[in-house]
Ligand SMILES: [Zn+2]
Ligand SMILES: [Zn+2]
């Protein structure tokens with residue numbers, strides 16, 4: 001008998017959040033030491049506060065990056081739910097492929113929409129409820145939300161759309 005191959009376990013959002021919390025503690029300790037250097041009665045010590053301030057700032061950036069990654073990881077894991085859309089990028093649920101984004105913000109460009117999200121929704125897997133199963137010419141199928149199904153219907157030819165009757169999908 002052969003042992004099943006050990007797969008490296010996926011990191012969990014909680015592991016990343018714990019890392020960020022550790023870095024926050026370190027940043028606090030670094031800032032405390034910097035403050036003590038600043039009030040010392042020796043100019044040489046006062047000057048040493050500067051690199052410590054810089055280290056504190058860098059730990060802050062680190063915490064931000066790791067926290068953001070934890071959030072994204074959580075979203076990716078949620079989007080694996082088979083009842084959710086399979087598309088690996090986001091839409092405006094009302095207007096479809098109208099989103100613009102930067103690292104921390106996404107907004108819909110459709111006139112009068114005004115929807116905004118405080119993360120890069122455009123580059124996150126879609127987590128809207130699946131509304132249709134789309135099968136392409138090669139027989140590959142996937143679940144799509146209303147907005148992604150409408151977009152696919154406009155752009156793709158040769159696909160079959162089966163809309164799920166959500167009035168009966170009580171789960
Ligand atoms: Zn919109
Ligand atoms: Zn979708």
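Residue 140 to residue 62: FRET efficiency via 1/(1 + (r/R0)^6), r the Cβ-Cβ distance, R0 41 Å, to the nearest 0.05? Could you put the intermediate results ahead of the total?
Numbers: r = 41 Å, r/R0 = 0.99.
According to the calculation, E is roughly 0.50.
Could you work out how far apart the two model spin labels at residue 103 and residue 83 are, taking each label as a point 7 Å from the Cα in the direction of the beta carbon, and quote it in nm?
3.5
With springs connecting C-alpha atoms under 10 Å apart, model the chain as a Gaussian network and identify which of 128, 137, 15 has the largest mean-square fluctuation.
137
If you take the Cα Rg of region 12-171 and divide it by 2.2 N^0.38 Å, with N the number of residues, what do you get? Spell out each step's value before the answer.
Working: Rg = 23.5 Å, N = 160, 2.2 N^0.38 = 15.1 Å.
Dividing the Cα radius of gyration by 2.2 N^0.38 Å gives 1.55.
With a/c under 1.5 counting as rounded, go ahead and sort region 1-107 into rounded, prolate or oblate using the C-alpha gyration tensor (a ≥ b ≥ c being the square roots of the eigenvalues; past the cut-off, prolate if a/b is larger than b/c, else oblate).
Numbers: a/c = 4.71, a/b = 1.78, b/c = 2.65.
In terms of gyration-tensor shape, oblate.
Which of 38, 7, 54 has the fewest other C-beta atoms within 10 Å, and how do the rest follow up to the most? List each step's numbers first, then the result.
On the way: 38 15, 7 6, 54 12.
With the sparsest Cβ surroundings first, the list reads 7, 54, 38.
Mark the label point 7 Å from the Cα of residue 14 along Cα→Cβ and return the residues of region 72-114 whose backbone N is within less than 11 Å of it.
What the label zone holds, given the 11 Å backbone N cut-off, is no residue at all.
Say we join alpha carbon atoms closer than 10 Å with springs in a Gaussian network model of the chain; which of 45, 26, 144 then has the biggest fluctuation?
Greatest mean-square fluctuation among the candidates belongs to 45.
Name the residue, out of 19, 84, 48, whose mean-square fluctuation peaks in a Gaussian network model built on the chain with Cα pairs under 10 Å.
Largest GNM mean-square fluctuation: 48.
Report, in whole Å, the centroid distance computed from the Cα atoms of region 94-171 and region 1-50.
After rounding, the separation between the Cα centres reads 39 Å.
Using Cβ counts within 10 Å as a stand-in for footprinting exposure, how do 105, 80 rank, fewest first?
Values: 105 13, 80 10.
Neighbour counts put them in this order, fewest first: 80, 105.
Give the order of 143, 79 when sorted by the count of other beta carbons within 10 angstrom, beginning with the fewest. Show your work: numbers first, answer last.
Details: 143 21, 79 18.
Ordered from fewest to most neighbouring Cβ atoms within 10 Å, 143, 79 come out as 79, 143.
What spacing in nm lies between the two simple spin-label points modelled at residue 7 and residue 113, each 7 Å away from Cα in the Cβ direction?
3.5
Cα extents of region 99-163 along the three principal axes, largest first, in whole Å?
Principal axes ranked by extent give 37, 22, 17 Å for the Cα atoms.
The numbers here are math on the coordinates, done by the rules we state, and not lab data. Just so it is clear, the structure is predicted and the values come from calculations on it, not from any experiment. Glycine also receives a Cβ, built like all others from the backbone with ideal geometry; neighbour counts cover every protein chain displayed.
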